[in-house]
1. Scan the range A:47-86 residue by residue and report those that are within 15 Å of the chain's Cα centre (by Cα) and β-branched (Val, Ile, Thr).
2. Please pick out the residue among A:ALA162, A:ALA125, A:ALA129, A:ALA140 that is aliphatic (A, V, I, L, M), surrounded by fewer than 23 Cβ atoms within 10 Å (Cβ to Cβ) and not assigned by the TED database to the domain that holds A:LEU179.
3. Tell me yes or no: at least one residue of the range B:213-223 is in contact (Cβ under 8 Å) with a residue 40 or more places away in the chain, open to solvent by 40 Å² or more (accessible area, probe 1.4 Å) and assigned to a helix (DSSP H, G or I).
4. Exactly one of (1) within 22 Å of B:ALA136 (Cβ to Cβ); (2) open to solvent by 60 Å² or more (accessible area, probe 1.4 Å); (3) in contact with a Ser or Thr (Cβ under 7 Å, 6 or more places away or on another chain) is unmet by B:LEU107. Its number?
5. Looking at B:GLN80 and the list (1) open to solvent by 10 Å² or more (accessible area, probe 1.4 Å); (2) closer than 26 Å to B:VAL272 by Cα; (3) part of a helix (DSSP H, G or I), which single condition is not satisfied?
6. Can you tell which of B:VAL247, B:VAL272, B:VAL318, B:VAL292 is at pLDDT below 90 and within 18 Å of the chain's Cα centre (by Cα)?
7. Being away from every other protein chain (no Cβ under 14 Å), part of a helix (DSSP H, G or I) and either crowded, with 17+ Cβ neighbours inside 10 Å or touching a helix residue (DSSP H, G or I) at 6+ places or on another chain (Cβ under 7 Å) (or both) is the requirement here; does A:ARG155 meet it?
8. If I filter the range A:92-104 down to residues being at the interface with chain B (Cβ under 9 Å from one of its Cβ atoms) and either of a type in the set (A, V, I, L, M, F, W, C) or under 26 Å from A:ALA20 (Cα atoms) (or both), which single residue comes out as most open to solvent (accessible area, probe 1.4 Å)?
Amino acid sequence: MTDVILRTEGMSKSFGAVMASEDVSLDLRAGEIHAIIGPNGAGKSTLIGQICGAIEPDRGRVVLNGADVTELPVHARAQLGLARTFQISTLAMEDSVLEHVLLGVLSTDQPRLGLWRGAKSYRSAEDRARTVLERVGLSAVASRRVAKLSHAQRRQLDVAIALTLRPKALVMDEPMAGLGTDGSRMMTELLGRLRQEAPILLVEHDMDAVFALADRISVLVYGKIIASGSVDQIRSNADVREAYLGDLL
Amino acid sequence: MISEKLLNGALIAGLLLVVLHAHLTDAPFTITLATKVAILAVAGVGLNIALGLGGLVSLGHAAFFGIGGYAMGILASHAQSYVPLMQSPVLIEGTKSMPVIWLVALLASALAALLIGALSLRTSGVYFIMITLAFAQMFYYFAISWPAYGGEDGLSIYVRNGFPGLNTLDPIQYFLVCFGVLVLALLVSFRLRTSPFGLALNAARQSTARVQAIGQNPFRLRLTAFVISGAITGLAGALFADLNRFVSPTMFSWQTSGEIMVFVILGGVGRVMGPLAGAALFILLEHLLGGVSDYWHIYLGALLLGVVLFARGGLVGVLTEGRSGDD
Amino acid sequence: MTLLLFLEQVLNGLQSGVMLFLTAAGLTLVFGVMGLINLAHGSLYMIGAFAAAAIAAATGSFTLAIIAALTAAAAAGALVEMVVIRRLYTRDHLDQVLATFALILIFSEATRWVFGSFPLYLDIPDALSGSVRLPGGIEYPRYRLALIAVGLTLAAGLFFLISRTRLGIQIRAGESDREMIAALGVNISKLYTLVFALGAALAGFAGALVGAIQSVQVGMGEPVLILAFVVIVIGGIGSIKGALVGAVLVGLTDTLGGVLLPEALRLFMAPSDAAAVGSALASMLIYLLMAVVLIWRPHGLYGMRA
């Protein structure tokens, strides 16, 4: 399969007696949204941590575009085009929207950042930053400080920063969390458009969004993938119903 | 309330005016005080890069200040005794040339900052504070117990080192040398702050995960900042030693680290001109209160306590009412 | 060097280690429970020593002097906690460093103002003067032996306090979860004052005990403070056990290094050079020890990942 962009092979991680990931193998193919769902405590955060490099797996590999990145730190994976968004905001409150995005662009264009020339004098970088803001719908608030953004706008900014990396793959940690109906609809539309640019591994609780967006769904329970398939297959899977979806459907 | 730009201009102009007045009225002691302000401000500018921009609370910058001082002391003492530092495999002689001394001070303190930073930055928070303090103390005890360069008594240099084309013995000319270095240091600090590197460092201070996610190594960013910071403080140490024509282990002491930090805080953390405002205030207080009471450190302590507890923007913050320079 | 001399140095290292532990214990406890870095801890050590020296000079009683040291340091600790320190718990480390640095300036200058710049001396009580003959024939000062005994007893007492008493349970709860102890109905602000005063009393006690073998002067606290920092960085911040292990390691390294290094260097150097280089290197040994521990375990021997 040449179109697999990101995959994990037999990834396992335990914290003491708790198996947070048990032999997790999954892949992400070009052009798709692959949703990971599961109850609280299923090990979704640990999974993302291992894929992005913040947590070291006990066993198994992470492969990005055919290259084994298991030993690489977070920033090195990001440089290879593995972009992520955060469930809990890591934005710098004092900085402006444009500064966040500009930094992402500058860092992607030239990982060894300049120490002398003013960041705002890099014209082409600023142009690209503004283009990215345009795409996520934040142009109007480019010069606003993050502290003054709404929750939905912060989520959009998080996506914008990920896009500055010219991502090969996007890992998104509950992008719908805390959004109202309008916010969710907007984010769903945005993600739908993005999938052609980079495939998305979408960890999400919001089932409406998952069923609307996902090409494939994998169900994670107690660190194990208990089922994987199309939206319809998952909806009709008896194990999944019992373990998780139950009365949601 | 005034804008920070105006205040910055006023600070520089004020320092120059004081010196001009002192020069015209033939008050060399005042010029020496102003020179001290400029030099201590350079040390503060150095620390502020780590502390204000990088969020690295180093309580060990005396190490770099002292290394700069001893770079001057060692090179100049060999020059005045005509005994080379080293004869084999290559002949290295002492020097009385400021530019050479500065270069050595910069390189030596940068190297020390690289080593101390590489170890200390493995940790964070309160560990980092304690470890940087401990490493500075290591240099302090080493300087005390190493007899070749004066040990506890330090080293005296008979004649101030020379700068091509200038008479550094003339107070006003040495002031201008130090003022020139201060302007350069401020320029470096300002460029660094607005550069892509500064943007990333500032982001790393607020959120490590954020800069990692865009492909930057926070350790590398912080280490780079720490090295630049240490080098500038080291240069200030060389200037300070030349002002006094004397170096001693005191330059390495924990009080020195604390005082450099006090300049930065009194002036306002993270503000380009904060260290100059803080150093000027410190010297002014030392001079005024020191004349009134032998125990003026009590008042300094009370003032510092007041600033920390009630006026977190420091002097620059109070005068500009918290407005940041970016606005 | 003879074996006897070596053993004597081991005892000296142990003695300075247990005294260091008394200072480090308060520091690590205060950080563990309140999350506070207190540079002024050395000032409390100094206050203990000065109180002891002043009372000993006035009354001639060593016992009263020790009581004075404990009382003065605990009172100063409680006072400073209520007036200044408690405003710092929610602040960042930078503010804590600066405010407690300001406290050092105030304490040191105030002490200089009251007692002057000349060192005071505190005499070893008659009952503990002279030396004892230990098994193996070592003549060892009785007072230093008493310090080791007192230090180890206090260490044991502290472990008992932390692991077996109600106060200890509250302290341990405070380390892991502030809200929980509030929910348990513990008066947090009282607990914090108590812990701070306890740490202060230990430091003041150590200051008085060590004051009798060194001189009592302004600025005596800060070298001890910095050594205590090295100790708790090695041991792991917040861990009493780490503080004990770290303190003994630092005490032994410092003492033995100062004696053994010049001896070792004399094997391939001129004696005067060996003495000079040896003492310079020995002064760096504990910091090298700290660096090695850090490379190996960035959070100290018994430290928990923050």
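1. Correct list: A:ILE48, A:ILE51, A:VAL74, A:THR85.
2. Values: A:ALA162 fails: surrounded by fewer than 23 Cβ atoms within 10 Å (Cβ to Cβ); A:ALA125 fails: surrounded by fewer than 23 Cβ atoms within 10 Å (Cβ to Cβ); A:ALA129 fails: surrounded by fewer than 23 Cβ atoms within 10 Å (Cβ to Cβ).
Result: A:ALA140 is the single residue among A:ALA162, A:ALA125, A:ALA129, A:ALA140 that is aliphatic (A, V, I, L, M), surrounded by fewer than 23 Cβ atoms within 10 Å (Cβ to Cβ) and not assigned by the TED database to the domain that holds A:LEU179.
3. Initially, the range B:213-223 is screened for residues in contact (Cβ under 8 Å) with a residue 40 or more places away in the chain, giving B:219, B:221-223.
Retained after the next criterion (residues that are open to solvent by 40 Å² or more (accessible area, probe 1.4 Å)): B:219, B:222.
Next cut, assigned to a helix (DSSP H, G or I) only: B:219, B:222.
Yes, the conditions are met somewhere in the range B:213-223.
4. B:LEU107 satisfies every listed condition except (3).
5. All conditions are met except number (2).
6. Details: B:VAL247 fails: at pLDDT below 90; B:VAL318 fails: within 18 Å of the chain's Cα centre (by Cα); B:VAL292 fails: within 18 Å of the chain's Cα centre (by Cα).
Exactly one of B:VAL247, B:VAL272, B:VAL318, B:VAL292 is at pLDDT below 90 and within 18 Å of the chain's Cα centre (by Cα), namely B:VAL272.
7. Numbers: away from every other protein chain (no Cβ under 14 Å): yes; part of a helix (DSSP H, G or I): yes; either crowded, with 17+ Cβ neighbours inside 10 Å or touching a helix residue (DSSP H, G or I) at 6+ places or on another chain (Cβ under 7 Å) (or both): yes.
For A:ARG155, the condition - away from every other protein chain (no Cβ under 14 Å), part of a helix (DSSP H, G or I) and either crowded, with 17+ Cβ neighbours inside 10 Å or touching a helix residue (DSSP H, G or I) at 6+ places or on another chain (Cβ under 7 Å) (or both) - is met.
8. Per the criteria, the residue is A:MET93.
The values are calculated or read from the model by the stated rules, or taken from the named source; none is laboratory data. Remember, it's a predicted structure, so these values are computed and weren't measured experimentally. As a convention, Cβ positions derive from the backbone with ideal geometry for all residues, glycine included, and neighbour counts pool all protein chains shown. Ligands, DNA and RNA are stripped out before the accessible areas are found, and what is left, the full protein with its side chains, is counted by its heavy atoms. Shrake-Rupley method; radii C 1.70, N 1.55, O 1.52, S 1.80 Å.
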